[in-house]
Each structure stands twice: as structure tokens, then as C-alpha cells.
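Step one of this worksheet: look at the structure below.
Here, each number is a calculation from the coordinates, and none is a lab measurement. Note that the structure is a prediction, hence the values are computed from the model and not measured. Quick reminder, even Gly has a Cβ in these numbers, built from the backbone with ideal geometry, and neighbours come from all protein chains shown.
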Amino acid sequence: MNVYDSDRMIDLLKPLGYELTEEPSEADIAILNTCHIREKAEQKVYSDLGRLKLQQDQRRLEGNDMLIGVGGCVGQAEGAEIIKQAPYVSMVFGPQTYHRLPEMIAQLVRQKDANSKKRSRGLVDTDFPIESKFDSLTPPTISPASAFLAIQEGCDKFCTFCVVPYTRGAEFSRPALEIIEDAKRLVSLGAVEITLLGQNVNAYHGAAPYASVHGKNEWGLARLIQELSNIEGLKRIRYTTSHPRDVDQDLIDAHRDIPQLMPFIHLPVQSGSDRILEAMNRKHSAKDYLKIIELFKKAREDIAFSSDFIIGFPGETDADHKATLALIEEVKFGQAYSFKYSVRPGTPAGAMELQVEEKVKSMRLHELQHLLGDHQLSFNKSKIGTIQPVLFDRKAKLEGQMLGKTPYMQSVPMMIPERLFGKIVDVKIEDGYAGSLAGSIVTEEYIGNINPSHNGQEREIPV
Ligand code: 5AD
Ligand code: SF4
């Protein structure tokens, strides 16, 4: 979501004459779009600010200036405190106020002109606005082959470990027509894949022009995806991040019925222990989660999953940890993210007793990541001998190499002709590693790779 927000900020600043630079020393404005989800991410903001200050000093020596802004969830949570600690920062704003960036910059420039050489005061804009920021955003003017599209924001779930409901605010769904317009635009600009974004993307319930089968003038995620699948040229649809509680039968059926919908779902479970799930306020059990996985698999047998895990939530015992390992063993995730629990200010879990020792967290994390890694490797290896449609949409680490993604988000770094950049290409998978696949191109021809039988996503090579 932060990547999406940063792109919107770029779009907002373009009409003012700004353009993106990869080189901080060239920047008239530097904005840190920050994350507050764990303490480590927050600490990074202050060290990054320290580095920017050096660039700002250097530019001033050369007679230029650099406005420094802090946006995102750290901006939202810390507000004026940031300017207190780093007085060289001139604007602080949150994820719901960045649409006012042009006004903030204009105000700072005016202040600076009026005070000539004097430092202007910093601006802090972190109120949650009544109007939706989406109404003020400019439509995208460029698009990568794989584009993000925010459809929902914020969260009302209040998991006890999480800052998101406080920093992103209440749940909000964008009207369906607005999303469809944005999606059409992205496709016309070159997107072949769109990932629908939301903190609780499957809680989506946007105003719609006409009623869905359930009678309300509101669409759920499945209905929206169905509509988006009619857009000519849109080959792949994904959505992230989902909450198990908001998975409904329509969404499960969509994976059976809509070939463009990729067979890979990020569905965080956080823990496999019911005791911990309850303390986390997740409002579902491990069994509920496994049931959902089973229903998805029934709808589409080649579906795969990724998840998030929090290790060492307050009160987590060895038995709770084992329950998480057992759930992992059962689902066998294709990919997963795991984090040590990090105390977040103002959240209920931060004040809970029985915080788990750092040493124990590290041991459990190591064990869990080992198991997840084994499963990811087997999953990757299970694709050896198949043909996968791979979307090459970005540069890989090595010079001349492109990075592609299979329907299951597996990375395929390959040397490919430049004309295939941004295209979906059939690749015969020849090897699978911990974090990537290797293969060779079967056909250079762009064939779209959508087979209504679904088997087109993964075909055995005839011997
Ligand atoms: N500590 C560790 N991980 C956290 N997450 C959210 N809050 C915390 C926290 N306090 C993780 C969850 C969530 C992901 C985005 O970040 O697993 O799904
Ligand atoms: Fe945070 Fe997700 Fe829980 Fe919302 S549902 S509080 S965003 S972890």
C-alpha cells in the first residue's frame, strides 16, 4: 500500500513541475513514506532522516534547498514529535492526508519567500479528513505491467497487536465504478496484471451502480473482480491482504469461475493456537482457517497460499508455538512472512503481561522459518517440468536479467529479449530453489495464457 501511496504522491506533484529522481542529492523535495507496523520499521525512519539531513546540508552549501517530508503511518502516529526530534523536517502527514501535499508544499514555499532566509515553521497535517482522499487524487498517467490499485483502506478489526486501525483509520471502500475506471485506465497504460489493495481487501463493500444478487446497491470483492475480469487486456487479477473472517462463498466461487483471478492467496493466520488467536482478537480458530483453505482448494485444486505469522505474542507458550507449526505442516504454504512480535504503543497487546523473552522469540522464529522454508522449496520444486505463464515486469539483480512472476508469485529471473518485457511468456520450469525458479522460454509469442479450464496455468509437458 505504501508503494501505491508513493506513486500517487508522484502523480500529485507532477502537475507542479516536479519529477522523480533516483538521486537524493538532486532532490528539491525528499519524502519518506513510512511504516509503523513494527518497531524496526519505525526506527529506520530516524536513521534515514539523519542521512537525508546530510544531503540537505550539502545542497544548502551549494545554494539549493531540500524540503524534507515524513508521510505514512509514522507521520500519522508521531505527528509534531518528528519535527521536535528532527527540526530540519518541514512537513509531516499521514496516509489519509497526502492528497493535500500540493497545498502543504505551496504553503511552505510561500512561508519561505515571506521569511526570505529564515527557516519556515514545519507543517503537521494528520487529521483524518471527512472527505475521502481518493476524491482528490489524480488519475494515474503511467502504469507498470503489474499495477497496484487501492480499493479499500483502513481497518475496524482491532487485532490487539496492530497499529493499523489507529494509523490508517476506519474501514472505507471506494465506489465500484471509480475502481473500474481506474482499472481501465491502468490497462490502457500498459497494465496486464492488477493487484487490488486494501488492509482488509476482502471486507470490500463499495457503493455500486446496481444491486448484486444479494439485493444491496453494494458490491463485495467477488462481484467487483467479476466486473474487472471483463476488461479487455487485463490478464491477471490479484488481491491482498485478506482476513479469514471476511472470506465468503462468493469469493471462493470466484476462484473457480474467473480464470483471470490468480490461484494464489495471501491469507494471514498469525498463529495456529486458538488461545493466542483469541488473545489477538482474530475472532476465528485454527480450525476455521483450515476449513477456509479446504473450501478454496475444493473450488480450485491448484490454488496455493501465503500467510503472515507473529512469533512470541504475549503469553505464547511452547505448546502454542507447536500448534502454529502443526498448522503450517497441514497447509504447506507456498510462501510466508514471519515476524517476532513487536510491542506497538497504544495497542492492547503492548500492555499485556507475560511478554515473551527475545531469546525465546528468536529460537521459535528460527524453527518456524526453517519449516516454512522447507515447504517453499518443495512447492517451488513441484513446478519442475511444468510450463508456467510468467509475467516479466521488472529488472532482476543481474545486469540484463528480467524478473518474472508465475501465477503463484514465484520469482523467475531470466535473460530475455527486451521485447518480452511487460509480457506473459510460457516458461518451462527446469529447477526450483528456495526463493526462485529457473527455466527456459517455450514460446516467445505472447499468448495470454488464460485457459478457462484453469489447467492452462500449469501444463504438463508432453513427453
Ligand atoms: N508485531 C509483529 N508483527 C506485526 N504485524 C502487525 N503488527 C505486528 C506487531 N505488532 C504483522 C502481521 C500482519 C503483518 C502485515 O505485519 O503479521 O499481518
Ligand atoms: Fe491489523 Fe490486519 Fe488486524 Fe486490521 S485485520 S488490525 S490491519 S492485523
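Listing for the model above:
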{"quantity": "Packing-based ranking, highest mean first, of 12-25, 189-202 given that Cβ atoms within 10 Å are counted", "calculated": "189-202, 12-25"}
{"quantity": "Mean separation of Cα contacts under 8 Å, 6 or more apart, over the residue count of the chain: relative contact order %", "calculated": "10"}
{"quantity": "C-alpha long axis of helix 39-61 to longest principal axis of the chain, angle in °", "calculated": "40"}
{"quantity": "As computed over the stretch 176-261, the Cα convex hull volume per residue (Å³)", "calculated": "87"}
{"quantity": "Among Gln58, Ile37, Leu16 - extreme Cα towards positive end, dipole of the stretch 1-128, charges at beta-carbon", "calculated": "Gln58"}
{"quantity": "Of His255, Leu196, Val269, farthest towards positive along the dipole that unit charges on Lys, Arg, Asp, Glu beta carbons give the stretch 172-281", "calculated": "Leu196"}
{"quantity": "Antiparallel %, DSSP beta bridges [both residues in the chain], to 5", "calculated": "45"}
{"quantity": "Local net charge near Asp318, Cβ-Cβ under 15 Å (Lys/Arg +1, Asp/Glu -1)", "calculated": "+1"}
{"quantity": "Charge tally in the Cβ shell below 12 Å around Phe134, where Lys, Arg are +1 and Asp, Glu are -1, Phe134 excluded", "calculated": "-4"}
{"quantity": "Whole-Å distance, taken between Cα centres, linking the stretch 361-424 and the stretch 214-251", "calculated": "26"}
{"quantity": "Kirkwood estimate for the chain, i.e. one over the average of 1/r between Cα atoms, Å", "calculated": "23.9"}
{"quantity": "Cut-off under 5 Å, modelled amide H: who pairs with Ile68 long-range", "calculated": "Ala30, Ser90, Met91"}
{"quantity": "Residue-averaged [θ]222 nm for the chain, counting only DSSP H segments that reach four residues, each worth -39500 (n - 2.57)", "calculated": "-10500 deg cm²/dmol"}
{"quantity": "Cβ-defined net charge surrounding Ala438, 12 Å radius [Lys, Arg +1; Asp, Glu -1]", "calculated": "+1"}
{"quantity": "Cysteines having no other Cys beta carbon under 4.7 Å from their own, within the chain", "calculated": "Cys35, Cys73, Cys155"}
